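K.L.:
There's a structure below that I have some questions on.
Each reported figure results from applying straightforward, stated rules to the coordinates on display, with no laboratory input. In this text the structure is predicted, and so the values were computed from the model without any measurement. Glycine gets a Cβ as well: all are built from the backbone with ideal geometry, and neighbour counts include every protein chain shown.
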Number of protein chains: 2
Amino acid sequence: MKTIQAGTYNVHFQQKAYKFLSNLVEDNNYSSVFILLDENTLEHCYPKFISNFATEKRIEVIEIESGEINKNIDTCIGVWNAITELGGDRKSLLITLGGGVITDLGGFVASCFKRGIDFVNIPTTLLSMVDASVGGKTGVDLGVLKNQIGLFANPKMVIVDSDYLTTVTEREIKSGTAEIIKYGLTYDTDLFNEIKNNKKLEISNLIQRSIEIKNEVVLQDPKEQNLRKILNFGHTLGHAIESFYLESEDKENLTHGEAIAIGMVCESFMSYKLLGFPAEKVNEIKEVILSIYKRTHLLKEDFSDIMELLKHDKKNINGQVNFVLLNDYEDYKIDCKVPEKLILESMEFYNE
Amino acid sequence: MKTIQAGTYNVHFQQKAYKFLSNLVEDNNYSSVFILLDENTLEHCYPKFISNFATEKRIEVIEIESGEINKNIDTCIGVWNAITELGGDRKSLLITLGGGVITDLGGFVASCFKRGIDFVNIPTTLLSMVDASVGGKTGVDLGVLKNQIGLFANPKMVIVDSDYLTTVTEREIKSGTAEIIKYGLTYDTDLFNEIKNNKKLEISNLIQRSIEIKNEVVLQDPKEQNLRKILNFGHTLGHAIESFYLESEDKENLTHGEAIAIGMVCESFMSYKLLGFPAEKVNEIKEVILSIYKRTHLLKEDFSDIMELLKHDKKNINGQVNFVLLNDYEDYKIDCKVPEKLILESMEFYNE
């Protein structure tokens, strides 16, 4: 598969990517290489990685606990202390090996350590491959507020190797699929149709296409002034729902994709009501999503908490929630204000 | 006094600066304005500031506790939570009003909040005026390691108003003077001579000249590849000494300037031994510094702890400490490796 040029760095695919990494480390003469991972990727991904990564540099492994609950500043402090104690300096390289928690947190840790060291991302979940490989977003959560603290910072390289997906669960694959559906709905109807028609999908092609789309979007609008906002489709309400389930101790957490899938159904419904997005397409989206994700029954008594969380969405200005909605497939409208009543109605539509 | 153009932003001086700030807030249509300060600047500087700052925007004051000991990530978390609870969004502006702890920490807080909001610095101490007004360094300490976590990020504007200096102690003025001496030794001998000859100095002129020098240096070398390293003169050993006194509970802390002054005497001595920097100039520097700062007797039994802290200096590569030393006044050499024995000897020279 073809290398993707993402502005200042490249996304390399599959086996040949490791050679590029070894060259990068050689060419930059790093003083040491730190690998950030969690207990899962240490067990399932690190052996493959290390057998492919040829270097004579000192390698230090830093393990953090897996899970969104650990994507916070306290974990960052732990990693910063570990790098410090292991003698990390400005010429150190940090390689992240894991899902979105590891790549997002690792990019942030690297960008702030001694005012910035280089980092390389190796996403090992479908979600982090299709969502976090390009775009330069790094960060951690503040309490239940997702990615509230972070930066735009680009890695030196990204390696996407779909072999790692053999180590993740079916549920995680579905979580990543939600982002692919999003790219399809907002940018490439063919891609959506492929998923809808449930052909025997070649996952590595879907990944490549998704990264290409995100890269096109991000290169056109790196700072999220306009086009890039399509990447938030389904995410405005979806993030609030995800945060709500994360902070509700008596409820099982949703994966990011499960929450975003709900968000896409709801925001399609808002699009229909506000912008005349065709009703049959709303139903089509709902049907495709419910064929993949078990319906989560959103309780009416929880709606007010979810609305409260919406108020902290990063895209809000002056307390106004800003949605990106669809006029049609591949045709979006940014900065839509949605009446609270309609937001509630959209969740009921999802429940029906 | 003339406005200084510092790359993407301006440093405005004295009374007229507040008009520029009001215009900035108006032109950018910020959703709200947060003022970060500590109990001292709330009492002594905020009244002047607020009486000069004309805006119709909502203003929220966030107070943190003063002192280097609070320049850490925990304080950042508190400020991020406060901004969140007060409804801060991506179009909020953060104004810092205080010394280096406030401006460094505030710039970091702003740069990481929702991946970056605008900030304006209003330094209120001599040290922060001459050191932190330009250069874009933001950050906080990690344990006793100074500025270990941070970023390069530029404010939208800096206001330097020497009226605020009437609110600070003589000891703080001396702390800032150390940085002015540094600019003199490395870049402008006339400036050093002004201080040496102890003329009745017009402080606002010294500030303006210092900022001009730092600005020239930073614009030529923003990422500290070469010339900018002169700004570290006295700081390599100085930071280690400062950290050591900060972590020693039974010793009184040194101000930044007091520590850097010691560092400059020691590093002048290293320059003499390694690069042939003239002995009479070493003595001249020592004399000037001891005429301003009471000598701190560095105990031999503390030397090993100080050496240990040196190993975490941000400029180190591969465990090697990198000093910037002087061939002569205004003539520097970067990346000097200094034998441990000579570092110890230099502290003894200071003690003599």
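K.L.:
Mind jotting down the distance between the C-alpha centroids of the range A:66-132 and the range B:110-131, whole Å?
P.N.:
25
K.L.:
Okay, moving on. How far is helix A:170-187 tilted, in degrees, relative to the longest principal axis of the Cα atoms in chain A, given as a value from 0 to 90 rounded to the nearest 10?
P.N.:
The answer is roughly 70 degrees.
K.L.:
What average number of partner chain Cβ atoms lie no more than 10 Å from the Cβ of the residues making up A:70-78?
P.N.:
Mean partner shielding for this stretch: 2.
K.L.:
For the range A:195-262 and the range B:280-352, what is the separation of their Cα centres, given in Å?
P.N.:
If you average the Cα positions of each part, the centres end up 53 Å apart.
K.L.:
With respect to the cross-link table entries B:LYS196/B:LYS337; B:LYS156/B:LYS229; A:LYS19/A:LYS71, which display a Cα-Cα separation exceeding 32 Å?
P.N.:
Beyond 32 Å: nothing from the list.
K.L.:
Projected onto the charge dipole of the protein assembly as shown (+1 at Lys/Arg Cβ, -1 at Asp/Glu Cβ, origin at the Cα centre), which of A:ILE334, B:LEU36, A:MET129 gives the Cα projection farthest towards the positive end?
P.N.:
Of the options given, the answer is A:ILE334.
K.L.:
Quote the Stokes-Einstein diffusion coefficient, in whole µm² s⁻¹, for the protein assembly as shown, based on the Kirkwood radius over alpha carbon pairs, a temperature of 37 °C and a viscosity of 0.692 mPa s.
P.N.:
D = 121 µm²/s.
K.L.:
Okay, moving on. Kindly put A:ASP190, B:ASP188 in sequence by how many other C-beta atoms sit within 10 Å of each C-beta, fewest to most.
P.N.:
Details: A:ASP190 9, B:ASP188 19.
Fewest-to-most ranking of A:ASP190, B:ASP188: A:ASP190, B:ASP188.
K.L.:
Taking only C-alpha pairs under 8 Å that are 6+ residues apart, what is the relative contact order of the range A:4-167 in percent?
P.N.:
27
K.L.:
Can you compute the FRET efficiency between B:GLU345 and A:ASP74 using 1/(1 + (r/R0)^6), with r the Cβ-Cβ distance and R0 = 60 Å? Round to the nearest 0.05.
P.N.:
The computed FRET efficiency comes out at 0.90.
K.L.:
Right, another one. Shape verdict for the range B:4-167, please, from the Cα gyration tensor: rounded (a/c under 1.5), prolate (a/b greater than b/c) or oblate.
P.N.:
Taking the square roots of the gyration eigenvalues as a ≥ b ≥ c, the range B:4-167 is rounded.
K.L.:
A:ASN226 versus B:GLU85, label points 7 Å from Cα toward the beta carbon: distance in nm?
P.N.:
4.0
K.L.:
Take peptides B:95-104, B:331-340, A:320-329 and line them up by average Cβ neighbours within 10 Å, highest first, as a rough protection proxy.
P.N.:
B:95-104, A:320-329, B:331-340
K.L.:
Please tell me the relative contact order of the range A:170-351 in percent, rounded to the nearest whole number, where contacts are Cα pairs under 8 Å and at least six residues apart.
P.N.:
Numbers: 232 pairs, mean separation 46.2, N = 182.
Here the relative contact order equals 25 percent.
K.L.:
For the pair B:ASP305 and A:GLU330, what calculated FRET efficiency results from E = 1/(1 + (r/R0)^6), where r is the Cβ-Cβ distance and R0 = 60 Å, to the nearest 0.05?
P.N.:
Working from the Cβ atoms, E equals 0.40.
K.L.:
Please list, or write none, the aspartates and glutamates whose alpha carbon is within less than 13 Å of the alpha carbon of A:LYS315, excluding same-chain residues fewer than 8 places away.
P.N.:
Qualifying aspartates and glutamates at Cα under 13 Å: A:GLU224, A:ASP335, B:ASP89.
K.L.:
A further question follows. At A:ASP250, label 7 Å along Cα→Cβ: distances to the other copies, nm, ascending?
P.N.:
Ordered by increasing distance: 5.6 nm.
K.L.:
Can you work out the FRET efficiency for the pair A:ASP27 and A:THR3, with r the C-beta to C-beta distance and R0 = 22 Å, to the nearest 0.05?
P.N.:
Result of the calculation: an efficiency of 0.85.
K.L.:
Still on this structure, I have one more. Would you grab the residues whose amide H sits under 5 Å from the one on A:TYR332? Only those 5+ places off in sequence or on another chain, please, with H modelled 1.01 Å from N.
P.N.:
Under 5 Å from the amide H of A:TYR332: A:ASN327.
K.L.:
List the distances, in nm to one decimal, from the label point of B:LYS333 to the label points of the same position in every other copy, shortest first, placing each label point 7 Å from Cα along the Cα-to-Cβ direction.
P.N.:
So the distances to the same position in the other copies read 6.9 nm.
K.L.:
A further question on this structure: What's the angle, to the nearest 10 degrees (0 to 90), between helix A:256-275's Cα axis and the longest principal axis of chain A?
P.N.:
The angle comes out at about 40 degrees.
K.L.:
Where does each of A:24-34, B:122-132 land if you order them by average Cβ count within 10 Å, highest first?
P.N.:
B:122-132, A:24-34
K.L.:
Using Cα atoms only, what is the angle between the long axis of helix A:340-351 and the major principal axis of chain A, expressed in degrees (0 to 90) to the nearest 10?
P.N.:
80
K.L.:
Here's a follow-up. For chain A, what relative contact order do you get, as a whole percent, if you take Cα pairs closer than 8 Å and at least 6 residues apart?
P.N.:
14
K.L.:
Report, as an integer, the average count of C-beta atoms from other chains found within 10 Å of each Cβ along B:311-319.
P.N.:
Shielding by partners across B:311-319 averages 5.
K.L.:
In peptide B:151-160, how many Cβ atoms from other protein chains are near each Cβ within 10 Å, on average?
P.N.:
On the way: counts 6, 2, 2, 0, 0, 0, 0, 0, 0, 0.
Mean inter-chain Cβ contacts per residue within 10 Å come to 1.
K.L.:
Quick one: what are the phi-derived ³J(HN,Hα) couplings along the range A:326-331, Karplus 6.51/-1.76/1.60 with θ = phi - 60°, whole Hz, x for glycine and proline?
P.N.:
Result, rounded to whole Hz: 10, 6, 6, 4, 6, 9.
K.L.:
Shifting gears a bit: May I ask which of A:LYS214/B:LYS114; B:LYS182/B:LYS300; A:LYS174/A:LYS286 have a Cα-Cα span longer than 22 Å here?
P.N.:
B:LYS182/B:LYS300
K.L.:
Arranged from highest to lowest average of other beta-carbon atoms within 10 Å per residue, in what order do the peptides B:148-155, B:201-208 appear?
P.N.:
Most protected by this proxy first, the peptides run B:148-155, B:201-208.
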